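Colleague: Quick one: structure below, then a few questions.
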Amino acid sequence: MNLDHLNKEQQKAATHIDGPLLILAGAGSGKTATMTHRIAYLIEQGVSPYSILAVTFTNKAAKEMRDRVEKLVGPCPGMWIMTFHAMSLRILREYYYAAGYDRNFVVYDTVDQKTLIKNIIKEQNIDSKQFPAPYLSAIISKEKEADSAPENFFDLSDRSPKAKVIYNVYKEYQRQLKANNAMDFDDLLLNALHVLKDNPDILAQYQSRFRYIMVDEYQDTNHIQYEIIKMMAQGHKNLCVVGDDDQCIYQWRGADIRNILDFEKDFPSTKVIKLEQNYRSCGNILSAAHSVIKNNRGRKAKKLWTEAEAGSPIVYKRCDSDKEEAYYVAQEIELLSGSGKKGYDDFAVLYRTNAQSRLFEDALKRRHIPYQILSGFSFYERKETKDMICYMRLVVNPADDLALKRIINEPKRGIGATTLGKLETLAKVKGQSLFETLSQEEVIYSLPAKVSAAVKELMDVMKLCREEKENLRVSDIYDNLLVKTGYMKALEDENTLEAESRIENLLDFKSFIYDFEEEKANAGEPATLEEFLERVATDSDTDKYDDESGKVTLMTMHSAKGLEFPVVFMPGMEDGLFPGHRALDREDGLEEERRLCYVGMTRAKERLFLTSAAYRVLYGHGEYTRESAFLRELDKSLLDEAGDTIYEPSRRTNNRLGVDTGSLDGYNENPPFRPYNFDPLKYAKQSVKEAAAGRGEEFMQGDQVTHGKFGHGIVVDSDAKTVTVVFEEAGTKKLAKGIAPLKKV
Ligand code: ATP
Ligand code: MG
């Protein structure tokens, strides 16, 4: 393989084969590129892809890395390139029993997590003002990140009544997750860790399999991830980690910067390679980023250099208000793209919290500038999408009480809180899941006549989908659920604009399912409902980022990690917002915010714009603001003279002119909104219905048919309920009538 286009140090790193390796280097120095080449190099040297494990920070980064490696050395079956969560999921799908779960466990996202906690708050009669669900869920998550069980939490606490409440909720939360055969995100990592730790034979398999292990963005690994990797690497000790201590921005979510700083201690014979040439940014941008980050004390000193020219100076603009700021950014984008040299997808607006996004959306819309927003209200969190996801989850895992409770009266089946409460009690007494309880005829018939008919219909559809799951595509199952549960009809009957837009969203979601099926088909892998649901649960913001969309990208600085854009805007450079008040409460808070600032600035290749607003309304609260501490640290000689000057405050400033950033909710954890891209509504609606309902056809022996999933075949038998078909490729299948996507040809 020709590695000539890499520099000397990069080459050294890419061709280092045996023994632990630490690549510690600043932003844009080619860390990710080097790791990619190293994988390709190993394979070229005869290492089997099967024995390579590479961990990335997002699904999208994983996919890109795999594509690049395969471009260099051809197909790499069996190679694991994935995120920590995806890896844990893989391990748990294989060894679910060692974690004490059933094979078809599901993954709960942050919304499910909060719902579950809210239910527990109610059940335990806890004062939700004193113990709001987000507060409890944050504590529980912190404990799990530290591998601390409820008992452990309580033992180490002050054992106050408050600690007791938290302990009770945490314990009950874990109990219900298990009962629902569900794991939350933290559980994925935690359970994988315990499976490996407690089962030497399982661990040994992975240890011997993975001869080469690599981790990108190592500075942001948390304690559990660190433990998992450390254990897996004990076999061959060929662990290569790549990172930048200046870019550790997830401490608030448990990332431990010491993992990278102490790597040499954990693996004594480590070879350390530093990359110092930056290939991404113009000189001015690099110097500006450096002038800010050098104010952090707890960092390994390093300075990047570049062969690139200094480029344009950094532009700073102080706007009168947040509205004006958004207007200014949109205007600049229009001006810069007007010359034709830049496409809209060359621009990114990177903000501190999702709450800032709305004004930029408005301003861009007004100028008809297309944008993709990778944050804010998530696609999967829309009510109707979430409902359908719960229906699908129940098909896979009937033990999921949370999902059943969500959809049991969606659409209305006449099951109010009282009836549901009774059913839940019954289930508890019987020691069954709600689904099991509701599957029993005597339970169904004990309900009022109208309700019982509706419930029976629901349970029949669910049962049919479950039984026929293997014979249907994910999209078929979706169509059936949408139509046969009455969900779609209920929306149609509503006949309001809102209902119409919900239907649009549901059809939009279907194109998302199609994309998934197509992607799997291209990879030659089966597209299962289980995997689709996993995708839904573990997708992150950045996974939806499309770099060839022809659209301006709006996202938080956190999600922009690892990405690059020709032109970057960083709005909201104000004390209280960035750095935020909350962060300042914590030790190290300011340093983490400064690293985030460094990450944001170093995303820019050619132009960097910093802006602030003198007056800002955030979370419904308006205030005058002071310019960000980071602006004051910035090397002023790099600024464009045409822009505004940064105010140097007198030392006596004692009025607090900050802005409340609200809560940690502003951080970006949710998967993004998907840009609309669907067929005309009517057509799509019709096709969903046809697919789900138009299956009353009679089949006779000898009929030639096509099946949505299995392709072409011949009917060999048919009775009242089933059709048996011999397919050319899939062989003989017995299919349920009324749901099988069969057509005569
Ligand atoms: P970050 O810290 O942001 O994750 P990184 O260190 O991983 O950055 P890369 O994303 O790998 O850096 O590389 C930054 C840019 O520099 C990319 O556009 C990459 O293609 C380019 N690049 C890396 N190495 C070289 C090289 N030797 N010659 C030319 N371009 C390079
Ligand atoms: Mg990188």
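The values are calculated or read from the model by the stated rules, or taken from the named source; none is laboratory data. Just so it is clear, the model here is predicted, and its values are computed rather than measured. Counting neighbours? That spans all protein chains shown, and the Cβs are built from the backbone with ideal geometry, glycine included. For accessibility, only protein heavy atoms count, side chains too; no ligands or nucleic acids. Shrake-Rupley method; radii C 1.70, N 1.55, O 1.52, S 1.80 Å.
Colleague: How much net charge surrounds Asp18 when only other residues with a Cβ under 13 Å from its Cβ are counted (Lys, Arg +1; Asp, Glu -1)?
Modeller: Values: positive: Arg38, Arg211, Lys237, Lys271; negative: none.
Net of charged neighbours comes to +4.
Colleague: Assuming R0 = 45 Å, what is the FRET efficiency of Met700 and Glu548, from their Cβ-Cβ distance, to the nearest 0.05?
Modeller: Numbers: r = 50 Å, r/R0 = 1.11.
After rounding to 0.05, the efficiency reads 0.35.
Colleague: Please find the FRET efficiency linking Asp493 to Glu70, where r is the Cβ-Cβ separation and R0 is fixed at 60 Å, and quote it to the nearest 0.05. Please list the in-between numbers first.
Modeller: Numbers: r = 50 Å, r/R0 = 0.83.
According to the calculation, E is roughly 0.75.
Colleague: I would also like to ask the following. So for region 164-236, taking the charge dipole from beta-carbon charges (+1 Lys/Arg, -1 Asp/Glu), which of Thr221, Gln176, Leu189 sits furthest toward the positive end?
Modeller: Gln176
Colleague: How about region 517-604: which trypsin sites (Lys or Arg not before Pro) there are in a DSSP loop, with at most 16 other Cβ atoms within 10 Å of their Cβ?
Modeller: Arg586
Colleague: I would also like to ask the following. Each residue of region 89-98 in turn: what ³J(HN,Hα) in whole Hz from Karplus with 6.51, -1.76, 1.60 and θ = phi - 60°, glycine and Pro shown as x?
Modeller: 4, 4, 5, 6, 5, 7, 10, 3, 5, 5
Colleague: For a quick size check, give me the Cα extents of region 31-70 along its three principal axes, largest first, whole Å.
Modeller: That works out to 27, 19, 14 Å along the principal axes.
Colleague: Do any of Lys237/Lys561; Lys178/Lys456; Lys323/Lys605; Lys178/Lys383; Lys144/Lys456; Lys118/Lys484 go past 32 Å between their Cα atoms, and which? Show your work: numbers first, answer last.
Modeller: Numbers: Lys237/Lys561 28 Å; Lys178/Lys456 27 Å; Lys323/Lys605 27 Å; Lys178/Lys383 25 Å; Lys144/Lys456 40 Å; Lys118/Lys484 30 Å.
Pairs exceeding 32 Å: Lys144/Lys456.
Colleague: When averaged across all projection directions, what area in nm² does the alpha-carbon convex hull of the chain cover?
Modeller: Details: hull surface 142.8 nm².
With the hull built on Cα positions only, its mean projection is 35.7 nm².
Colleague: Specify the angular offset, from 0 to 90 degrees and rounded to the nearest 10, of the alpha carbon long axis of helix 133-145 from the longest principal axis of the alpha carbons in the chain.
Modeller: 80 degrees
Colleague: Also, quick follow-up: So what's the Cα pair-distance distribution over region 443-570, bin width 5 Å, in %?
Modeller: Final binned percentages: 2, 8, 13, 14, 15, 14, 13, 8, 6, 3, 2, 1, 0, 0.
Colleague: So how do 625-632, 523-530, 296-303 stack up, highest first, on mean other-Cβ count within 10 Å? Mind showing how you got there, number by number?
Modeller: On the way: 625-632: 22.1, 523-530: 14.4, 296-303: 12.2.
Averaged packing, sorted descending, gives the order 625-632, 523-530, 296-303.
Colleague: Can I ask one more? When the accessible area of the chain is split by element with a 1.4 Å probe, what percent falls to carbon and sulfur?
Modeller: On the way: 15870 of 32140 Å².
In the chain, the share of accessible area belonging to carbon and sulfur is 49 percent.
Colleague: What does the highest-first list of 497-506, 606-615, 257-266 look like by mean Cβ count within 10 Å? Walk me through the numbers on the way to the answer.
Modeller: Numbers: 497-506: 15.8, 606-615: 23.5, 257-266: 17.6.
Put in order of decreasing packing, that is 606-615, 257-266, 497-506.
Colleague: Collect residues whose amide H, placed 1.01 Å from N in the peptide plane, falls under 5 Å from the amide H of Lys271; neighbours closer than 5 in sequence don't count.
Modeller: Residues meeting the amide H criterion: Leu21, Leu22.
Colleague: Run the simple label-point estimate for Gln686 and Asn296 please: 7 Å along Cα→C-beta, distance reported in nm.
Modeller: That separation, rounded to one decimal, is 5.8 nm.
Colleague: Between Glu729 and Gln45, what's the calculated FRET efficiency when r is the beta-carbon distance and R0 is 41 Å? Round to 0.05. Intermediate values should be presented prior to the final figure.
Modeller: Working: r = 38 Å, r/R0 = 0.92.
Calculated transfer efficiency: 0.60.
Colleague: Please name whichever of Leu72, Leu53, Met82 sits farthest to the positive end of the charge dipole of region 53-113, dipole taken about the Cα centre and charges placed at Cβ: Lys and Arg +1, Asp and Glu -1.
Modeller: Leu72
Colleague: Right, here's the next one. State to the nearest 20 debye the size of the charge dipole of region 268-344 about its Cα centre, where the only charges are +1 on K and R beta carbons and -1 on D and E beta carbons.
Modeller: For this selection, approximately 760 debye.
Colleague: Using modelled amide H (1.01 Å from N, peptide plane; none on Pro or chain starts), what sits under 5 Å from the amide H of Val716, excluding residues fewer than 5 places away?
Modeller: Gly702, Thr724, Val725, Val726
Colleague: Please report the relative contact order for region 144-285, taking Cα pairs under 8 Å with a sequence separation of at least 6, and give it as a percent rounded to a whole number. It would help to have the intermediate numbers written out before the result.
Modeller: Working: 129 pairs, mean separation 29.2, N = 142.
Contact order relative to length: 21 percent.
Colleague: Just to make sure I understand: if all protein chains stay in place, what is the order of Ser312, Ser208 by accessible area at 1.4 Å, largest first? Please report the intermediate quantities before stating the final value.
Modeller: Working: Ser312 45, Ser208 75 Å².
Sorted by accessible area, descending: Ser208, Ser312.
Colleague: Taking the Cα-to-Cβ direction at Thr528 and at Arg90 and moving 7 Å from each Cα, how far apart do the two end points lie in nm?
Modeller: With each label placed 7 Å out from Cα toward Cβ, I get 1.5 nm.
Colleague: For region 306-360, just run the numbers: alpha carbon Rg, then divide by 2.2 N^0.38 Å, N being how many residues it has. Intermediate results must be reported in sequence, preceding the final value.
Modeller: Working: Rg = 13.4 Å, N = 55, 2.2 N^0.38 = 10.1 Å.
This ratio for region 306-360 stands at 1.32.
Colleague: Right, here's the next one. Restricting attention to region 46-86, which chymotrypsin sites (Phe, Trp or Tyr not before Pro) occupy a DSSP loop and are surrounded by at most 16 other Cβ atoms within 10 Å?
Modeller: none
Colleague: Also: Please state the relative contact order of the chain as a whole percent: Cα pairs under 8 Å, 6+ residues apart? Walk me through the numbers on the way to the answer.
Modeller: On the way: 1255 pairs, mean separation 122.6, N = 745.
Relative contact order here is 16 percent.
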